[in-house]
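Okay, structure first, notes after.
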Amino acid sequence: MSGPLAGLRVVEVGVAMAGPYCAMTLGDFGAEVVKIERVGAGDDSRSWPPHFFGAMGYYYGSANRNKRSVAIDLKTPEGAGVARRLIKGADVLVDNYRIGALARAGLDWEGLQAANPRLIYCAISGFGATGPRAEEPANDLFMQAYAGGMSITGEEGGGPVKMGMSVADIGAGMLATIGVMMAVEARHRTGRGQRVDTSLLEGQMSMLAHFVTRYFASGEVPGPSGSGALTSPTYRAYRAADDWIVISAFNQRMWRGLCAALERPEWVDDPRFADAALRVANRLQLIDLIGAAVATRRVAEWEMLLRSNEVPCCPINRIDRVVAEEQVAARGMVAEIDLPGLGAMRMAGLPVKLSETPAAIGLPPPRLGQHTAEVMRDAGYADEEINALARRGAIGLDEGWRDGDQPSRTG
């Protein structure tokens, strides 16, 4: 691959979403990514249903393109030795196991850095590497609850609601990617790697942004605001005659446009609604008034009226509608990958476009251990050593291999 990260060698020891998403992003932009997985089982998400063609979990497929899979038993000294050798030749290690798990396999930061001073070790955990809960496990649902996101999601007066997307996992994965790239840039100047430490907790806290600031400024604890925002009755979803539509009028010019579209020009100067502060103070009353007006027409009609008055609006698309949108196609945000021997898999495309060194999808999500022999050869292992380690269970070779066979040159 020839992306901006071409030549960057990454070893991932990751499961589920946060670590794999980070490593996949690096791979999308040209890094060579080797994914270390457990012999016989692999990444936990391989087994999570449903599966493409009965063979590859949807979840696994979504976060593991542009990688080569190496199956290693890190609980054996020989397996840990193979991993250590691969990491010694890498630029970046991405790990989202529980804090201390790799150290127990002899793959601690201090030892790895001593062997490879240029190594960037990116650790993604539930709570971060320090603090009283550092070694506790956490996942997306847990952290949406713990970090407060679920307390501001849902309808007012209703129960807590999980955000549909895996915002804690993917948020941590994105921040980890940023951290890795900052460490790579620093290494250009210093010649040395460093430890990058982030977590699901820190990702969620950073996303709370103005909610945290608002709490400290006012002392008021934010709660759920349904489809909108507590600070604006003109920034939310409303039910039209046939479906739901979002209206996002967030300044005074758009407020005037909204009043025109709703055929309520008198609201512009109404002393209850004349400015943003008054609209917040009379929020519930205005929501009822706007709701009653919106209910009289269909979504398509409101789109025409609101857009003609320069008011941002949008129907609430389901996934089937989103992937069929012309704009989504124009931006290449649905990609198709061939799974050898299985068929085509479609997935979300590449979200960042670079004019000179674009990202690309070069490898489909791999079979478990598909590249064990290939990667180990690159690291200097002879075929006899590879087969011996496989017989002892320290590594796993691709399905269909038999004891005593010479590893295939294609992996």
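The values are calculated or read from the model by the stated rules, or taken from the named source; none is laboratory data. It should be emphasised that the depicted structure is a prediction, and the values quoted were computed from it without experimental measurement. All Cβ positions, even for glycine, are placed from backbone atoms using ideal geometry, and neighbour counts span all protein chains on display. For accessibility, only protein heavy atoms count, side chains too; no ligands or nucleic acids. Shrake-Rupley method; radii C 1.70, N 1.55, O 1.52, S 1.80 Å.
The table that follows gives values for the structure above.
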| quantity | calculated |
| --- | --- |
| Accessible heavy-atom area order of 24, 150, highest first, probe of 1.4 Å | 150, 24 |
| Equivalent ellipsoid semi-axes, region 124-180, via Cα gyration tensor eigenvalues times 5, rooted, Å | 24, 14, 8 |
| Region 127-236: relative contact order in percent, alpha carbon pairs under 8 Å with at least 6 residues between | 33 percent |
| Estimated inter-spin distance, residue 281 and residue 118, nm [label 7 Å along Cα→Cβ] | 6.4 nm |
| Net lengthening on full extension, residue 253/residue 221 (0.36 nm per residue, minus Cα-Cα) | 8.5 nm |
| Under 24 Å, Cα to Cα: Lys pairs in the chain, sequence gap 8 or more or different chains | 7 |
| Rounded, prolate or oblate (a/c below 1.5 giving rounded, otherwise prolate when a/b exceeds b/c) for region 60-132 by Cα gyration tensor | rounded |
| Choice from 279, 192, 318 showing the highest fluctuation, given a GNM over the chain with Cα pairs closer than 10 Å | 318 |
| Three-way shape call for region 315-379 based on the alpha-carbon gyration tensor, with the a/c threshold at 1.5 | oblate |
| Low-density loop positions, GluC sites (Glu not before Pro), region 294-362 - DSSP coil, at most 12 other Cβ in 10 Å | 356 |
| FRET E, pair residue 210, residue 78, Förster distance 51 Å, beta-carbon r, rounded to 0.05 | 0.50 |
| Residues listed by number, region 82-124, amide nitrogen under 13 Å from residue 190 label point at 7 Å toward C-beta | 117-121 |
| Accessible area (Å², 1.4 Å probe, nearest 10) - residue 242 | 60 Å² |
| Burial order of peptide ranges 378-384, 280-286 (average beta-carbon count within 10 Å, highest first) | 280-286, 378-384 |
| Hull shadow area, averaged, region 21-102 [alpha-carbon convex hull, nm²] | 5.9 nm² |
| Three-way shape label, region 33-155, alpha-carbon gyration tensor, a/c 1.5 | oblate |
| Among 63, 129, 330, residue whose mean-square fluctuation peaks in a GNM of the chain (springs only between Cα atoms under 10 Å) | 330 |
| For region 80-187, accessible area per residue (1.4 Å probe, heavy atoms of protein chains only), Å² | 44 Å² |
| MRE, 222 nm, helices only [DSSP H, n ≥ 4, -39500 (n - 2.57), over the chain, to nearest 500] | -10500 deg cm²/dmol |
| Charge dipole magnitude, Cβ of K and R +1, D and E -1 - the chain, Cα centre, debye nearest 20 | 440 debye |
| Accessible surface of the chain, 1.4 Å probe, proportion on carbon and sulfur as whole % | 56 percent |
| Spherically averaged projected area in nm², based on the convex hull that wraps the Cα atoms of the chain | 23.8 nm² |
| Antiparallel DSSP beta bridges within the chain, percent to nearest 5 | 50 percent |
